[in-house]
Structures are given as structure tokens and as C-alpha cells.
Amino acid sequence: PEGRLSRSVIALAVNDLPAARKIGGFAAPTAANLCNLCWLQKSDISNFVCEGWRHRTYHEHLEAAIRWRDAETKKDRDQTFKETGVRWSELLRLPYWDPTRFLVIDGMHNLFLGLVQFHFRDLIVIDK
């Protein structure tokens with residue numbers, strides 16, 4: 001009747017790509033800000049020199065998400081989202097939650113459904 005104290009954490013979120021983007025507050029993988037790990041733009045998708053990619057940080061993500069959440073108008077929210085590719089996620093209320101590190105794309109979608117093969121053959125065009 002009085003309940004029981006339980007402590008738990010969300011250590012990782014294992015999802016398909018669209019769900020991971022929604023949970024993390026990121027734009028869709030087809031958006032201009034297409035990556036949840038770096039700031040590479042869709043217009044630079046043919047840049048394969050990963051040493052030059054600026055990585056996203058938790059603090060940058062959190063700052064952009066708070067800016068989106070606290071925007072006074074829809075126009076301001078849309079502008080923030082266009083610039084950063086970030087929206088507020090309720091998981092950001094958890095003091096330890098870092099969407100730049102805790103999102104995992106599950107193996108079924110990466111391997112069994114052929115996404116890795118699709119990326120190498122059709123997007124990067126390795127074997128044509």
C-alpha cells in the first residue's frame with residue numbers, strides 16, 4: 001500500500017534510426033543537420049574526411065534544446081531547429097542523459113534489413 005522505492009536509469013536507448021532521432025531530440029536523418037554525432041550538413045555529405053568533422057557535444061545539444069523549448073514563438077522554434085537540428089526531449093530532464101552518446105541503432109536495422117549494404121552501395125557508391 002505504501003509502495004516501494006525503486007531506483008533505475010536509462011543507460012542506453014536502442015532503437016531504429018527514426019525513433020532514436022525522436023527520443024534524442026534530433027532532426028530526421030534526411031534533414032539538413034543529418035547527424036547526431038557531428039555538425040556535418042547534408043550539403044557536405046560527400047565529405048569523407050571525418051577528422052575535419054566537428055563533433056556535437058552534450059552541452060551544445062542541451063543549449064540548443066533549451067533554446068528550442070524556451071522559444072516564445074513558433075517562428076523562433078522553427079529557426080532554432082533549422083540552425084541546429086535539435087528539439088527538446090523530455091529525457092533531457094534526466095541529469096545524466098546524453099543523447100550524443102546514449103543512442104544506439106539496433107543491429108537488426110543496421111545489418112539484417114540491409115542498411116549497411118545500402119549505405120555502402122547506394123550512398124557512398126563503393127562497388128559500382
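Please treat every number below as a calculation from the coordinates, not as lab data. All figures in this text were calculated on a predicted structure; none of them were measured in a lab. Here the Cβ positions follow ideal geometry from the backbone for every residue, glycine too, while neighbour counts run over all protein chains shown.
Give a quick list of GluC sites (Glu not before Pro) in region 8-94 that DSSP marks as loop, anything other than H, G, I, E or B, with at most 13 other Cβ atoms within 10 Å.
Details: sites: 51, 60, 63, 72, 83, 90; in loops: 72.
Here the GluC sites (Glu not before Pro) that fit, given the DSSP loop and packing criteria, are 72.
How large is Rg over Rh for region 1-53, taking Rg from the Cα atoms and Rh as the Kirkwood inverse mean of 1/r across Cα pairs?
On the way: Rg = 17.4 Å, Rh = 13.8 Å.
Reported Rg/Rh, Kirkwood definition of Rh: 1.26.
By counting other Cβ atoms within 10 Å of each Cβ, how are 23, 45 ranked from fewest to most?
Details: 23 18, 45 12.
Placing the least packed residue first, the sequence is 45, 23.
Quick one: 9, 86, 14, fewest Cβ neighbours within 10 Å first, how do they rank?
9, 14, 86
Please identify the chymotrypsin sites (Phe, Trp or Tyr not before Pro) of region 1-66 that satisfy two criteria: DSSP loop assignment and at most 16 other Cβ atoms within 10 Å. Which are they?
On the way: sites: 26, 39, 48, 53, 58; in loops: 39, 48, 53.
Taking region 1-66 and a limit of 16 other Cβ atoms within 10 Å, the loop chymotrypsin sites (Phe, Trp or Tyr not before Pro) found are 39, 48, 53.
Would you order 10, 66 from fewest to most other beta-carbon atoms within 10 Å of each residue's own beta-carbon?
On the way: 10 11, 66 14.
Sorted ascending by nearby Cβ count, the order is 10, 66.
So, how do all the Cα-to-Cα distances of region 13-123 break down into 5 Å bins, in percent, from 0 on up?
2, 12, 20, 23, 21, 13, 7, 3, 0
Could you work out the percent of alpha carbon pairs in region 62-109 separated by over 16 Å, rounded to a whole number? Let's see the in-between values first.
Numbers: 519 of 1128 pairs.
In whole percent, the long-distance tail amounts to 46.
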